[in-house]
Amino acid sequence: MTGAPRPEFRPPRPRSPVTESAVWAAFEGIPDPEIPVVSLVDLGVIRSVDVHDGHVRVEFTPTFLGCPALEVMKRALEQTVAALGAEPEVQVIQDDSWSTDKITPAGREKLRAAGFAPPAPREASAPKLVQLQSNAFRCPYCGSTETKLENIFGPTPCRSLRYCDSCRQPFEQFKTI
Amino acid sequence: MNELLLGLADDELVIGWRDSEWTGIAPMLEEDVAFSSIAQNEIGHARAVYELLTDDADALAFDRPLEEYRCAPLVELRLLDWAHTIARRWLYEEADRIRIAALMDDAESAVAGLAAKIDREEVYHRMHAEMWHERLRGEPRFHDAVADLWPYALGVLPREQRAELARRVGLDEVEPVERGTHTPELAELWNEMTMVRRSAPAGAQW
């Protein structure tokens, strides 16, 4: 027989139903277990999303290493990917790649609206007590800077306790990390 | 198993336990909160370091016979007065700062990355310790407590890092209380810490 060689038969590949943007969109629906007004995307803890052939590899970083919600977040990420019809692989990366600077502007405003003062930006050197004791921190309720440090530590590793002398309310201040 | 990392993890686990014991009985409410928060961080650090060494951090943390723990005697001591408790916080954070800084230069990126993360969180512990050190430095009871615990503090660090600790805290090096022999207090601590875990069969899901 003469003629062009027949092309090799390849069965059609099932189209991957999942795209990276679909995964990120779905992740925006996962609330932080402790402060549900913000999502995991708002917090900036999702380091990377890799979609390949219906398999989604997610890396995320804890805010603080002692965060008790790590397992809950991991499971929520896995379930969200599975609900999209893809196979999840979620890894917790415990390094220094997350910082409070990664909280999105939208996330910061959601925190403030919920009564938490968003974190100050990271500086070149580590935070000092004298900085925390200064009144550079704005009250999330009334906006005054007449605020004082009550405690370096608060109800969770990520927050300090402050008091607003203007509207006379205590509030929680996100630590810069 | 990496003895240095296991020692670090065991130190953080045990001092986390000791610090958590102050919840509700500290001399002021702010310190109940401070000690609880610091303890939570320390136990988180212990977990993260155990996870560098094993797939089953719980088993490594809780299921060893006592002689296989690598914690330093400093963290095991059951300290019932505030002067000693604060002296230990201060000395421990000064020692930890030095060894964490060294680990941040580790050839293995997972170790260096974790050490950098730990360092950022401990900035707030150091703030707290330095605040108290400033407040109490002129007090004879605090001075005596520091003197009592100083040999133990030296034992937290490997030999080559002790001179730096002495420089930082302004004390002369003395004969250290080395790792390797546990205090009688560790057995009691371990019994309480593992009581709930041991109450269920091995492999139970919580």
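What would the Debye formula give as log10 I(q)/I(0) at q = 0.19, 0.21 Å⁻¹ for the alpha-carbon point model of the stretch A:23-101, no solvent?
Values returned for q = 0.19, 0.21 Å⁻¹ are -0.75, -0.92.
For the stretch B:83-98, what does the Karplus curve 6.51 cos²θ - 1.76 cosθ + 1.60, with θ = phi - 60°, yield as ³J(HN,Hα) per residue in whole Hz, taken in order and with x for Gly and Pro?
Taking θ as phi minus 60°, the curve returns 4, 5, 4, 6, 4, 5, 3, 5, 5, 5, 5, 5, 5, 5, 4, 5 Hz for the stretch B:83-98.
Can you sort A:Asp53, B:Asp11 by how many other beta carbons sit within 10 Å, fewest first?
A:Asp53, B:Asp11
If you plug each phi of the stretch A:23-36 into the Karplus form 6.51 cos²θ - 1.76 cosθ + 1.60 with θ = phi - 60°, what whole-Hz ³J(HN,Hα) values come out, in order, with x for Gly and Pro?
Residue by residue, the stretch A:23-36 yields 5, 4, 4, 5, 5, 5, x, 8, x, 4, x, 9, 10, x Hz.
Relative contact order for chain B using alpha-carbon pairs under 8 Å, separation at least 6, rounded to a whole percent? Let's see the in-between values first.
Values: 228 pairs, mean separation 48.3, N = 206.
For chain B, the relative contact order is 23 percent.
Distance between the C-alpha centers of the stretch B:37-95 and the stretch A:123-158? Whole Å please.
29
Give me the compactness ratio for the stretch B:3-198, meaning the Cα radius of gyration over 2.2 N^0.38 Å.
For the stretch B:3-198, the normalised Cα radius of gyration comes out at 0.97.
Partner chain Cβ atoms within 10 Å, averaged over the residues of A:92-102 - can you pull that number for me?
4
Please report, to two decimal places, log10 I(q)/I(0) for chain A at q = 0.16, 0.17, 0.20 Å⁻¹ as given by the Debye formula with identical point scatterers on the Cα atoms and no solvent.
For chain A at q = 0.16, 0.17, 0.20 Å⁻¹, log10 I(q)/I(0) is -0.96, -1.04, -1.28.
Taking Cβ-Cβ under 4.7 Å as the only way to count a partner, pick out the unpartnered cysteines of the protein assembly as shown.
Result for the protein assembly as shown is A:Cys67, A:Cys158, B:Cys71, no neighbouring Cys Cβ within the cutoff.
Give me the Kirkwood hydrodynamic radius of the stretch B:123-171, using the inverse of the mean 1/r over all pairs of distinct Cα atoms, in Å to one decimal.
Evaluated on the stretch B:123-171, it is 11.8 Å.
How compact is the stretch A:114-174 by the rule of thumb for globular proteins, expressed as Cα Rg over 2.2 N^0.38 Å? Intermediate values should be presented prior to the final figure.
Numbers: Rg = 10.8 Å, N = 61, 2.2 N^0.38 = 10.5 Å.
Expressed relative to 2.2 N^0.38 Å, the Cα Rg reads 1.03.
What value, in deg cm²/dmol to 500, does the helix sum -39500 (n - 2.57) over DSSP H runs of n ≥ 4 give at 222 nm once divided by the residues of the protein assembly as shown?
So the helix-based figure for the protein assembly as shown works out to -15000 deg cm²/dmol.
Per the Kirkwood formula on distinct C-alpha pairs, the Rh of the protein assembly as shown is how many angstrom?
Evaluated on the protein assembly as shown, it is 23.0 Å.
Provide the descending list of Cα extents for the stretch B:28-101 along its principal axes, expressed in whole angstroms.
Extents along the principal axes, in whole Å: 39, 26, 23.
Ranking A:Thr176, A:Thr156 by Cβ neighbours within 10 Å, fewest first, what do you get? Walk me through the numbers on the way to the answer.
Values: A:Thr176 22, A:Thr156 19.
Least crowded to most crowded, the residues run A:Thr156, A:Thr176.
Residues of the stretch B:67-85 with backbone nitrogen within less than 20 Å of a virtual label 7 Å along the Cα-to-Cβ line of B:Leu53, please, listed as ranges.
Within reach of a label on B:Leu53: B:67-77.
Please arrange A:Leu65, A:Leu43, B:Leu53 by how many other C-beta atoms lie within 10 Å of their C-beta, fewest to most.
Details: A:Leu65 27, A:Leu43 24, B:Leu53 13.
With the fewest neighbours first, A:Leu65, A:Leu43, B:Leu53 line up as B:Leu53, A:Leu43, A:Leu65.
Please enumerate, by chain and number, the lysines with C-alpha under 20 Å from the C-alpha of A:Lys110, excluding those fewer than 8 residues away in the same chain.
Output for A:Lys110: A:Lys102, A:Lys175.
Each reported figure results from applying straightforward, stated rules to the coordinates on display, with no laboratory input. These figures come from a predicted structure and were not determined experimentally. As a convention, Cβ positions derive from the backbone with ideal geometry for all residues, glycine included, and neighbour counts pool all protein chains shown.
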